[in-house]
Amino acid sequence: MVLAALGLTGAGLTRPASPAVPVLVPTLRSLAAADGISFGAAVDVSALLGDPGYATQLGAQYDMVTPENVMKWMYTEPRPGVYDFRAADALVGFARAHGMKVRGHNLVWFEQNPVWLTRPTMTPGALAGALRRHITAEVGHFRGRISQWDVVNEAVDDDGALRRDVWSSALGSTYIAEAFRWAHAADPGAVLFYNDYGIDKPGPKADAVLALLTRLRREGSPVGGVGFELHLGSPADFDAGALAGMMARFAAVGLATAVTEMDVRLKPPAPAGALDAQAVDFAGALQDCRAQPSCHTFVSWGYTDLDSWIPGTFPGFGQALPFDAGLRPKPAAYALQSGLAGPRPRPPTGAARR
Ligand code: XIL
């Protein structure tokens, strides 16, 4: 009882001592909290459960997590109506124990779906029913524990057309509004996002996504935010000012904005200059977010070079994240640290008036 009064609960006493990890102080999460930013990372749940160092540095530096994979359809509903939330529950439990928010990712996408969705028996009616049940079950399972959901992921193609996938081929664009409606009914407290890449600069795709979300908002859809992925090649495919401008255009139709999946891939072994250029990109994106009243969320796609999708997906590339494979902060981590501690940049010219 005395222990409980001191706030030392049984769970706290039995948890094993944290393994030593390289220190970064002040921590990114403490600076972000003081700044009103949720500072997050995508999490590989096997690393989280299998590597105490990974878990410790994550809990020390970040106050938001998103599952890199385990909330995707192929994992959560591998057979029709058979749900498996065990890995996702483990992540949500870790987040709760460490005072972190959770971004749910994702509910409707063209990739990482179970094979049963593409069987010939899946008529348009069957697909619509499967989508409604999936969203209702998954969002309902986590109700009250997810602050933001990526409801619709990458639905627009690079040329601005609706992506031709299992959903649009059967249902046209109608599934998008329905998905947001079903997600909102299952958890009215979560902010519902459309998430995509290639919308951080003006162009046909950014214009099409803006038009889509503008229409949904006008129709009263509960879509509440837009996520900017930012999987960058380096050097020089990122224009920080352009990102701020795009965030302002989405904010003008009432949407929250967020950096949701940032990484900056390099060619290992990266020389010091490349690591410094990467730091400039991370800091630039952070400052764009901080300059926008609509942006309170900054998430990288992983946090340590130990665990990243980059080497597997972009052969010859790696070292894409703020911490190295020894969990040591890289120049990008220090740039994020000083960015979070520094004064807030002004909104870009013109943005405030939109
Ligand atoms: C990636 C994961 O990082 C990989 O492990 C997986 O094999 C494929 O998906 N856009 C997204 C993310 O919205 O879900 C993707 O994650 C990366 C691109």
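The values are calculated or read from the model by the stated rules, or taken from the named source; none is laboratory data. None of the values given here were measured: they were computed from a predicted structure. Methodologically, a virtual Cβ is constructed for each residue, glycine included, from the backbone with ideal geometry; neighbour enumeration extends over all protein chains shown.
Listed here are the residues, each with its yes/no results for (1) part of a helix (DSSP H, G or I); (2) modelled with pLDDT under 95; (3) over 17 Å from Q112 (Cβ atoms).
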| position | (1), (2), (3) |
| --- | --- |
| R132 | yes, no, yes |
| R143 | no, no, yes |
| G160 | no, no, yes |
| R164 | no, no, yes |
| W167 | yes, no, no |
| A177 | yes, no, yes |
| H184 | yes, no, yes |
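Please tell me if G241 is more than 19 Å from the chain's Cα centre (by Cα), under 18 Å from R346 (Cα atoms) and either modelled with pLDDT under 95 or buried (at least 24 other Cβ atoms within 10 Å of the Cβ) (or both). Spelling it out, G241 is indeed more than 19 Å from the chain's Cα centre (by Cα), under 18 Å from R346 (Cα atoms) and either modelled with pLDDT under 95 or buried (at least 24 other Cβ atoms within 10 Å of the Cβ) (or both).
Under the condition of being crowded, with 22+ Cβ neighbours inside 10 Å and under 25 Å from G284 (Cβ atoms), the residues counted in segment 165-198 number 4. Is it true that G224 is modelled with pLDDT of 95 or more, part of a loop (DSSP other than H, G, I, E, B) and within 15 Å of Q148 (Cα to Cα)? Answer is no for this residue. The condition of being on the phi > 0 side of the Ramachandran plot and within 16 Å of the ligand (Cβ to nearest atom) holds for only one of G203, G220, G227, G198, that being G198. Would you confirm whether any residue within segment 199-217 is buried (at least 19 other Cβ atoms within 10 Å of the Cβ), closer than 16 Å to D288 by Cα, modelled with pLDDT of 95 or more and not charged (D, E, K, R)? Looking through segment 199-217, at least one residue is buried (at least 19 other Cβ atoms within 10 Å of the Cβ), closer than 16 Å to D288 by Cα, modelled with pLDDT of 95 or more and not charged (D, E, K, R).
Does D276 satisfy the condition of being crowded, with 18+ Cβ neighbours inside 10 Å and either in contact (Cβ under 8 Å) with a residue 40 or more places away in the chain or among the aromatic types (F, W, Y) (or both)? Criteria not met by D276. Residues considered: N113, N106. Of these, the only one that is of a type outside the set (K, R), under 17 Å from A155 (Cα atoms), part of a strand (DSSP E or B) and modelled with pLDDT of 95 or more is N106. The sole residue among D84, D51 that is among the acidic types (D, E), surrounded by 15 or more Cβ atoms within 10 Å (Cβ to Cβ) and farther than 19 Å from N153 by Cβ is D51.
When you scan segment 35-59, how many residues do you find that are outside any loop (DSSP other than H, G, I, E, B) and either acidic (D, E) or touching a residue at least 40 places away in the same chain (Cβ under 8 Å) (or both)?
Number satisfying all stated conditions: 16.
Of the residues making up segment 130-163, those that are in contact with a His (Cβ under 7 Å, 6 or more places away or on another chain) and surrounded by fewer than 19 Cβ atoms within 10 Å (Cβ to Cβ) number 0.
Yes or no, residue by residue, for (1) away from the ligand (no atom under 14 Å from the Cβ); (2) within 18 Å of G339 (Cβ to Cβ); (3) among the aromatic types (F, W, Y):
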{"site": "A277", "(1), (2), (3)": "yes, yes, no"}
{"site": "V280", "(1), (2), (3)": "yes, yes, no"}
{"site": "A285", "(1), (2), (3)": "yes, yes, no"}
{"site": "C289", "(1), (2), (3)": "yes, yes, no"}
{"site": "H296", "(1), (2), (3)": "yes, yes, no"}
{"site": "P311", "(1), (2), (3)": "no, no, no"}
{"site": "G316", "(1), (2), (3)": "yes, no, no"}
{"site": "L321", "(1), (2), (3)": "no, yes, no"}
{"site": "D324", "(1), (2), (3)": "yes, no, no"}
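Evaluated against (1) at pLDDT 95 or above; (2) surrounded by fewer than 24 Cβ atoms within 10 Å (Cβ to Cβ); (3) closer than 24 Å to A256 by Cβ, T313 falls short on exactly one condition, (3). For segment 119-130, a tally of residues being in a loop (DSSP other than H, G, I, E, B), closer than 20 Å to K72 by Cβ and not charged (D, E, K, R) returns 1.
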